[in-house]
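The structure appears right after this line, and notes come after that.
No value in this document is a laboratory result; all are computed from the given coordinates. The model shown is predicted, which means the values in this text are computed figures rather than measured ones. When we count neighbours, we look across all protein chains shown, and the Cβ atoms used for this are built from the backbone with ideal geometry, even at glycine.
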Amino acid sequence: MEKRPFDIGIALERIEQAVQPWPKAALFQLFEEGYTTTFEQLLACIISIRTYDEATLPISRRLFARARTPAQVARLSWEALDALISPSTFHERKANQILAIARAVEAAYGDVLPGEREVLLSFAGVGPKCANLVLGVACGTPVISVDIHVHRVTGRWGYVKASTPEKTLAALEAKLPRAHWIDINRLLVPFGKHICTGNRPRCSTCPVLDMCDQVGVTEQR
């Protein structure tokens, strides 16, 4: 099959339809459920690190049922907080980080964490990927969050060529139209989990196969 030139707008429109049967990425799902503040989204992002969405969602919901604001979280004991997030990977360390963040936010900003990248990156355990994801979901700030799915899929397409997620971020910032900066993560996480998978991607049912270079694909379904 002859490949057509890659059109990212058309690709994302098709993927929007293709991922409808699948669960949304965790932070986007939590936002739809009403957990919309920068602080809530930041805590959910910390919980999600090295943790599957299938675990991140119930863990975050359990935490927020108990405490949602910086003041409420800051008043939890470490033991109580750790128990609430314990199914998350590295939960002991995350409990320390979350308590420190809650106390710092309450002291500096009260109950409203500003949606500013520099503020988010000032907290221990918060890196650029997490900060960008929180800003995009909670604040609608046009930023790109590159996780393993965004890195793998955009490279497999041949849309960008980069060896690491960090380099993929720089490449996408230079090439991807800003209108798609938030949606690239929202759409490619479920797309990468269920269609353009790491091993044996489902190329036969892929909505963008006619544009994809299939870089590195040696076995497919």
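Each residue of region 140-152 was assigned a 3J(HN,Hα) from its phi angle through the Karplus expression (A = 6.51, B = -1.76, C = 1.60, θ = phi - 60°), giving x, 6, x, 9, 10, 10, 9, 9, 5, 5, 4, 4, 5 Hz with x at Gly and Pro. If the limit is 24 Å between Cα atoms, which of Lys129/Lys161; Lys161/Lys193; Lys94/Lys167; Lys94/Lys161; Lys129/Lys175; Lys3/Lys161 go over it? The pairs that break the limit, which is 24 Å between Cα atoms, are Lys94/Lys167; Lys94/Lys161. Projecting the Cα atoms of Ser204, Gly192, Thr56 onto the charge dipole of the chain (Cβ charges, centred on the Cα centre) puts Ser204 farthest toward the positive pole. Scanning residues 5 or more positions from Thr89 or on other chains, none has an amide H under 5 Å from its amide H, with H placed 1.01 Å from N in the peptide plane.
Springs between Cα atoms under 10 Å define the GNM used for the chain, and in it the highest mean-square fluctuation of Cys130, Cys196, Cys206 occurs at Cys206. Rounded to the nearest 0.05, the FRET efficiency derived from the C-beta distance between Thr89 and Arg66 at R0 = 22 Å is 0.60. Does region 26-139 come out rounded, prolate or oblate, given a ≥ b ≥ c as the square roots of the eigenvalues of its C-alpha gyration tensor, rounded meaning a/c under 1.5 and, failing that, prolate meaning a/b above b/c? Verdict is rounded for region 26-139. Our summary gives region 26-139 a relative contact order of 35 percent, counting only alpha carbon pairs under 8 angstrom and 6 or more residues apart.
Specify the residue with the greatest mean-square fluctuation among Gly115, Gly140, Gly155, computed from a Gaussian network of the chain linking alpha-carbon atoms under 10 Å apart. Of Gly115, Gly140, Gly155, the most mobile in the Gaussian network model is Gly140.
Here the Kirkwood formula, the inverse mean of 1/r across different C-alpha pairs, assigns the chain a hydrodynamic radius of 18.2 Å. Helical runs (DSSP H, four residues minimum) scored at -39500 (n - 2.57) apiece and divided by the length of the chain put the mean residue ellipticity at 222 nm at -16000 deg cm²/dmol. Per-residue 3J(HN,Hα) values for region 119-125, derived from phi via the Karplus relation 6.51 cos²θ - 1.76 cosθ + 1.60 with θ = phi - 60°, read 5, 4, 6, 6, 8, 4, x Hz in sequence order (x marks Gly and Pro).
Roughly what angle does helix 53-66 make with the longest principal axis of the chain, taking Cα atoms, 0 to 90 degrees, to the nearest 10? For 53-66 against the chain, the angle is about 20 degrees. The C-alpha atoms of the chain define a longest principal axis, and helix 38-48 lies at about 70 degrees to it.
Computed over the chain, relative contact order equals 25 percent, with contacts defined as Cα pairs under 8 Å that lie 6+ residues apart. Each residue of region 177-194 is assigned a 3J(HN,Hα), and the resulting list reads x, 4, 4, 9, 4, 7, 5, 4, 6, 4, 8, 7, 5, x, 5, x, 6, 10 Hz, derived from the Karplus form 6.51 cos²θ - 1.76 cosθ + 1.60 (θ = phi - 60°), x at Gly and Pro.
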